[in-house]
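Throughout, read-outs are computed from the coordinates displayed, never taken from laboratory work. Because the structure is predicted, anything quoted here is derived from the model rather than measured. Note that we place each Cβ from the backbone using ideal geometry, even for glycine, and neighbour counts take in every protein chain shown.
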Amino acid sequence: MTRTPKARAVIYAATISIADAGLLFLALDNGFYSMTVYVPHFIREAFRSSPVANAVRFLLADPGWTASDLVRKFYSLLAFGMLGFLISRALGARISLSRLLTVAACVAALSAIIEIFQRLNPVHESRLSSVIDVLCGAIGGAVGYALHAMTRRRLD
């Protein structure tokens, strides 16, 4: 069954809205947030001495960053990557730099909205961490767009 472009856009818009609501709920749910704080022992130990961890600490000038913080940023990249993929699919098949920037900006804006809502609730992250979350949103959106661009012929 082939769908018209308008029907496809409506389906993707609904899917994106549900995904956005889910991400917002998870970001504000203290129970889920506390689950992301737990990091297996072997990851914690690897993080303490890894060159990547040292580079992150150096670049952020924040020696307080833990393995949990880095894992949560990785979760953000994955979640926002999936969202970027969905937005790319909703926008259609045309591949361009302007479309990449549009998708990255949309996902970063959604990430910023989540950060604003988190600020309205008790939050245990610094402002720098919130800024990095928004950057993770933009990067995740761009990665999702790139994934769509690489797989679009197989999906369409």
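PRE reach from Asn121 (point 7 Å along Cα→Cβ): which of region 12-26 fall under 18 Å by backbone N? 18-26, by backbone N distance to the label point.
In this label model, Ala109 and Leu128 are separated by 2.9 nm, measuring between points 7 Å along each Cα→Cβ vector.
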